[in-house]
Every structure is written in structure tokens, then in C-alpha cells.
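Each remark here refers to the structure printed beneath this line.
The values are calculated or read from the model by the stated rules, or taken from the named source; none is laboratory data. As the structure is a prediction and not an experimental result, all values here were calculated from the model. Glycine gets a Cβ as well: all are built from the backbone with ideal geometry, and neighbour counts include every protein chain shown. Ligands, DNA and RNA are excluded from the accessible area calculation, which covers all protein heavy atoms including side chains. Shrake-Rupley method; radii C 1.70, N 1.55, O 1.52, S 1.80 Å.
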Amino acid sequence: MPIIQSVERALKIMDLFDERERELTITEISKRMNLHKSTVHSLLKTLQEQRYISQNEENGKYRLGLKLFERGNMVLSNLDLRKVARKHLERISAMTNLTVHLVILDGQEGVYIDKVEGSGVTVLYSRIGRRVPVHTSAVGKSLISTKTDAELDQFLENYQYTKQTPKSISSKEELLSEIAHVRTAGYSVDNEENEPGIVCYAVPIKDYSGKVIAGISMSMPAAKVTDEVREYHVGLLKECSTSISQDLGYEYQKI
């Protein structure tokens with residue numbers, strides 16, 4: 001795979017900053033990178049636009065931006081989430097022999113950050129690190145179901161409703177109708193919309209503040225789905241979600 005030189009240079013600029021060198025002038029950066037100032041200026045301008053680099057208005061020096069702090073916290077949060085959730089995912093996968101996923105929202109897509117493979121069904125589509133459309137996946141629908149109508153409107157702006165299978169949702173109207181059902185039912189469904197022959201159920205996970213930060217889903221062969229099967233497995237998912245959310249510090253109100 002070829003290295004993209006401009007990306008490599010931008011990353012190396014950010015690596016120049018450390019505990020000893022918190023701020024650098026463009027001249028210092030130019031010398032250390034062995035690049036002309038005009039090239040460095042263009043790279044810095046791009047990094048500034050994306051908030052990975054900021055400039056001290058008092059002395060004109062450059063420093064790392066808050067975007068790195070945000071992304072770093074996201075990585076740490078996800079690592080903590082995986083660690084907390086893992087035992088719960090393993091437990092319900094062992095109980096059911098089904099594949100269980102842990103997914104977060106990134107942009108307009110879900111991303112698999114963990115997966116426990118069950119012996120009862122092989123799910124070909126999912127793998128850790130792979131992205132999944134929110135409109136065709138149970139977990140994607142679950143992740144966006146707690147957004148307000150205004151937030152959903154903004155989220156779905158310019159969204160592409162690509163059909164993964166003949167059963168996939170193909171319009172905003174269909175998706176919003178499905179989300180309304182998810183809000184009422186408390187769980188979401190992928191009825192062979194992402195992978196033929198596979199049905200998935202999903203529920204959201206909350207952090208200590210009550211914010212939805214992830215979702216868990218369980219996949220099974222469509223041929224084995226009955227009302228009783230659905231009720232049982234959705235119940236397990238909800239119980240699992242509650243346990244993970246509580247482990248993350250969320251307190252459910254007692255009724």
C-alpha cells in the first residue's frame with residue numbers, strides 16, 4: 001500500500017509536540033521536518049481547520065488542538081466499554097449459542113467494536129472494525145432511536161439509503177416509521193435487511209449520565225424466529241444492556 005505523503009507529514013508534525021515541547025513556531029517545525037515553510041504552513045492550516053492544531057494568539061506558536069483530546073477520550077471510553085461489556089456478551093452468547101455484537105455510532109454509521117461468535121449461527125457480514133449502515137442494522141436503528149426528532153433530521157441529512165438486501169429500508173420515511181416503533185417497543189429489529197437469512201435484535205447501552213453510547217445486538221437464523229423466540233432473546237438483551245449500563249455507572253430508577 002502506498003504511503004500518502006501529505007497525511008504522513010501531518011501526523012509527524014503532531015508527533016513533534018510532547019511534554020517538553022508544548023508549543024513550536026513555524027520555523028522550528030520547518031527545520032525539524034526538513035520542509036519549506038510554505039509547505040508546513042499549508043499542512044498547519046489544514047490541521048487548524050480540523051482543530052487538530054491550534055495557534056497561540058499571544059505568541060503565534062502552534063500547539064496540539066482539542067480535537068485530539070476529544071478523540072483520545074473517545075478511544076479510552078471505548079476501551080473501557082469493551083472491557084466492561086465483554087463478560088456480559090460472553091454470558092448471553094454462551095446461554096444462546098448465538099453471535100452477539102457491541103457497536104458504537106461513528107458519523108452516520110455503526111462500527112463493530114466487539115463480537116462474540118456463537119456456535120448456533122455464522123454471521124458473515126460483521127467483524128470488529130467494520131462499519132454497518134444504521135438503516136439496515138438493528139443496532140444502528142437502536143443507536144439513533146434516542147435522538148430527538150430535530151437531531152434525527154440533522155443526522156439523516158444527505159443520508160444514503162443503500163439497499164443491502166431486497167428487504168432493506170430504502171427511504172427516510174420508512175426509517176422514521178421504524179424508529180417510532182423502536183421507541184415504543186424498546187428494541188430494534190433487522191429482518192434480513194443487512195444479510196439474507198439473518199435476523200438481529202438490538203438494544204442501546206447508556207453511560208453514567210444516561211447518554212446512549214453503544215448498542216448490543218444478537219443474530220439468529222431467520223428460519224428459527226417465532227414470537228416466543230423473539231420475546232426470550234429480546235429479554236436477554238435488555239437484561240444484558242441494563243447490567244452493562246449499571247456497570248458503567250448508570251442508575252435505573254426503581255418503579
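Per residue, how much accessible area does the stretch 5-76 have with a 1.4 Å probe, in Å²?
On the way: 5080 Å² over 72 residues.
It amounts to 71 Å² per residue over the stretch 5-76.
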Would you be so kind as to identify which of ASN34, LEU98, LEU11 lies farthest towards the positive end of the dipole of the stretch 1-115, taking Lys and Arg as +1 and Asp and Glu as -1 on Cβ and the Cα centre as origin?
LEU98
Roughly to the nearest percent, how much of the accessible area of the chain is carbon and sulfur, given a 1.4 Å probe?
50 percent
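For the chain, what does the helix formula give at 222 nm: sum of -39500 (n - 2.57) over DSSP H segments with n ≥ 4, over the residue count, nearest 500 deg cm²/dmol? Mind dumping the intermediate values first?
On the way: 8 runs with 112 residues, N = 255.
It comes out at -14000 deg cm²/dmol, rounded to the nearest 500.
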In this model, which of LYS172/LYS238; LYS12/LYS115; LYS141/LYS224; LYS87/LYS167; LYS211/LYS238 are farther than 24 Å apart at the alpha-carbon?
LYS172/LYS238; LYS12/LYS115; LYS87/LYS167
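How big is the dipole moment of the stretch 1-156 about its Cα centre under a simple scheme where the beta carbon of each Lys and Arg is +1, that of each Asp and Glu is -1, and everything else is neutral? Debye, nearest 20, please.
Details: 24 positive and 20 negative charges, 86 e Å.
Magnitude of the dipole: close to 420 debye.
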In Å², rounded to a whole number, the accessible area per residue of the stretch 136-255 with probe 1.4 Å is 52 Å²
Peptides 90-97, 106-113 ordered by average Cβ neighbours within 10 Å, highest first
106-113, 90-97
Surrounding charge for VAL132, neighbours by C-beta under 15 angstrom, Lys/Arg +1, Asp/Glu -1, total -1
In debye to the nearest 20, the charge dipole size for the stretch 79-248, taken about the Cα centre with +1 at each Lys and Arg Cβ and -1 at each Asp and Glu Cβ, equals 480 debye
